[in-house]
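Take a look at the structure set out below.
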Amino acid sequence: MKRLLSVTMVCLLALTATPADARDREPIVPNFEELAPTFITTAQGGFKFLDIPVGARPAGMGDAFTGVAGDITSLFWNPAALAFLRGREAFFAHTQWIADIKHDAGGFAVNVPGRGTFGVGFVTMDPGKFDRTEVDPNPASKGFIDRGTFTTTHYAVTVAYAYQITDRFGVGGTAKLAHEDLGMGDVFRGGQRTQVQNKKTALAVDLSTHFNTGFRNTAMAMSIQNFSGELIYQRERFELPRNIRVGFLLDLVSLSGRRPTAHYLSFLFDFTNPVDFDERIHLGSEYTYRPPRGAVGFSLRAGYKVNHDTEDFSAGAGLQYKTAQGRGVKVDYAFKHFDKQFFDAVHILSGGITF
């Protein structure tokens, strides 16, 4: 078991050593040797709609969700955690993101005993309308010509598979097809104006593991998200927003020496290494009250992000109803706070059914 876990972790880490890492560390001023070189780690990823958090439960916990097992939204966070899902579950989430951006996601997963867990999902983003302008060479003009408005298209579809190798260790992965259409644009090539279509489709994969240590429900997990090749928009090279997440979950009730019955309290923290920003730490907590034989339960959540440029704390709540046969519904809400100098707060609502 230990050997299998070690080999899996080494393979996942090996995948992160891509040529893009060298590009991330190019000096800001090319061909200029600085006394203390400054390296660029921002604005290196495209298809940024894949970075928007999916689901109100993870969002309420500050996106510290890598170590959570058995939740349908793990489809977008750590597919290996789907290995611990029981039965069938579907969900839908709506996010009113920054700058009036609308983001929707959904998914379905089913566990087949002895065969693993299979899942499908989708995400879409609607950033609204944009003004289309064109440079006006007339010195007496205002500098541009108004050409009306245009819209863009952003979506991705995902298929996932997870397998529980032992009662405490699972592996999983997803394959996703992401599409982005930024509309038509004019460029000058050889002094001639040429119209180009800014549309790309990319294939990416997520690979992950989830391990319950066996010590009072403490869990550790690792996920590599949006691993893909490079794309080119006109002359700009980029890749999808690759991210490496290492997460831990601590069951505080079990660690205190008591057995969780009606009260559950978890503390989570994720270490993330995105391709387009410095390393971050996500902290989260969740309290759940659910009587052993009761059908109704509720959860309260809170989270905080360390070293984030615009976002800091979050909070959320959830309500669950589940019968003795395992069928039920759940509704979750999350609030994300941003620096008011830049963005208003974000609200996320999601719901799911188990059947």
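A few remarks follow.
- Test: residue in the stretch 298-308 that is under 17 Å from the mean Cα position of the chain (by Cα) and charged (D, E, K, R): yes
- Residue count for the stretch 221-272, restricted to those that are closer than 30 Å to VAL296 by Cβ, among the aliphatic types (A, V, I, L, M) and surrounded by 14 or more Cβ atoms within 10 Å (Cβ to Cβ): 8
- Yes/no for ALA221 being of a type outside the set (S, T, N, Q), within 24 Å of the chain's Cα centre (by Cα) and within 30 Å of ARG259 (Cα to Cα): yes
- Search result, residues across the stretch 83-104 that are buried (at least 21 other Cβ atoms within 10 Å of the Cβ), touching a residue at least 60 places away in the same chain (Cβ under 8 Å) and either under 15 Å from PRO58 (Cα atoms) or not aliphatic (A, V, I, L, M) (or both): PHE84, GLU89, PHE91, ALA93, THR95
- Residue in the stretch 304-320 that is nearest to ILE101 (Cα to Cα), counting only those that are in contact (Cβ under 8 Å) with a residue 24 or more places away in the chain and surrounded by fewer than 16 Cβ atoms within 10 Å (Cβ to Cβ): THR310
- The C-beta contact set for the stretch 161-186 (first residue closer than 21 Å to ILE244 by Cα, second residue assigned to a strand (DSSP E or B) and of a type in the set (D, E, K, R), distance under 9 angstrom, 6+ apart or interchain) comprises GLY172/ASP206; GLY173/ASP206; THR174/ASP206; ALA175/ASP206; LYS176/ASP206; ALA178/LYS200.
- For the stretch 327-347, a tally of residues being surrounded by 15 or more Cβ atoms within 10 Å (Cβ to Cβ) and over 17 Å from LYS305 (Cα atoms) returns 4.
- Spans of strands (runs of 3 or more DSSP E) in the stretch 67-162 with at least 3 residues within 19 Å of the chain's Cα centre (by Cα): 88-96, 102-112, 116-126
- Count of residues meeting criterion [free of Cβ contacts under 8 Å to residues at least 40 places away in the same chain, part of a strand (DSSP E or B) and over 24 Å from PHE227 (Cα atoms)] in the stretch 187-207: 8
- Subset of the stretch 170-197 (residues that are among the β-branched types (Val, Ile, Thr) and more than 16 Å from ARG235 (Cβ to Cβ)): VAL171, THR174
- Residues of the stretch 273-297 that turn out to be surrounded by 15 or more Cβ atoms within 10 Å (Cβ to Cβ) and closer than 30 Å to GLY229 by Cα, as a count: 8
- Within the stretch 274-303, residues that are in contact (Cβ under 8 Å) with a residue 40 or more places away in the chain and farther than 14 Å from ASP332 by Cβ reach partners that are of a type in the set (D, E, K, R) and surrounded by 20 or more Cβ atoms within 10 Å (Cβ to Cβ) with beta carbons closer than 6 Å, at six or more positions or on different chains, in the pairs VAL275/ARG242; HIS282/ASP63; HIS282/ASP270; HIS282/LYS305.
- The strands (runs of 3 or more DSSP E) found wholly in the stretch 285-338 and carrying at least 2 residues that are within 17 Å of ALA93 (Cα to Cα) occupy 311-322, 328-338.
- Considering the conditions (1) over 18 Å from PHE277 (Cβ atoms); (2) under 24 Å from the mean Cα position of the chain (by Cα); (3) not basic (Lys, Arg), THR194 is excluded by exactly one of them, (2).
Coordinate-derived values only; no laboratory data. Bear in mind the structure is a predicted one, so any value in this text is a computation, not a measurement. Because the Cβ atoms are built from the backbone with ideal geometry, glycine has one as well, and the counts that use them run over all protein chains shown.
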